[in-house]
1. Under a straight-distance cross-link criterion of Cα-Cα below 22 Å, which lysines are reachable from residue 4, leaving out those fewer than 8 residues away in the same chain?
2. For region 2-81, compute Rg over Rh where Rg is the Cα radius of gyration and Rh is the Kirkwood radius from the inverse mean 1/r over Cα pairs.
3. In the chain, which longest range has no chymotrypsin sites (Phe, Trp or Tyr not before Pro) that are both DSSP loop (not H, G, I, E or B) and surrounded by at most 13 other Cβ atoms within 10 Å?
4. What are the trypsin sites (Lys or Arg not before Pro) within region 6-77 that DSSP puts in a loop, where the Cβ has at most 16 other Cβ atoms within 10 Å?
5. Could you work out how far apart the two model spin labels at residue 2 and residue 15 are, taking each label as a point 7 Å from the Cα in the direction of the beta carbon, and quote it in nm?
6. List the GluC sites (Glu not before Pro) within region 1-72 that fall in a DSSP loop (any state other than H, G, I, E or B) and whose Cβ has at most 15 other Cβ atoms within 10 Å.
Amino acid sequence: ITIKESHEVFGIIQLEAVKVLKEAIMENSEDACKRLVQYFQENYPDYLWHAVDFNTRYIQSNLSILFEVDYDKTYLLFATKK
């Protein structure tokens, strides 16, 4: 998993996001996005977190991380203020 881009998300949060997404994919979780959101809602409740299987559409957010998985799948984790 590669972080292609990040907006206002730094250090440990990026590492946590990669770890959670990697675990979800390795466990063949059908909903890796749901796992990301659940983890971040529990651990960073100051934001309302969302994740999508991303296809290059524009999304307005305060925080975001764009992931690439095996060059053929892209996920976006992003947050908006509550």
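No value in this document is a laboratory result; all are computed from the given coordinates. If you're wondering where the values come from, they're calculated on a predicted model, not measured in any experiment. Note: ideal-geometry Cβ built from the backbone for every residue, glycine included; neighbour counts use all protein chains shown.
1. Partners found: 19, 22, 34, 73.
2. Reported Rg/Rh, Kirkwood definition of Rh: 0.92.
3. 11-57
4. On the way: sites: 19, 22, 34, 35, 57, 73; in loops: 57.
Listed in order of number, the matching sites are 57.
5. Distance between label points: 2.2 nm.
6. Within region 1-72, the qualifying GluC sites (Glu not before Pro) (loop, at most 15 other Cβ atoms within 10 Å) are 8, 27, 30.
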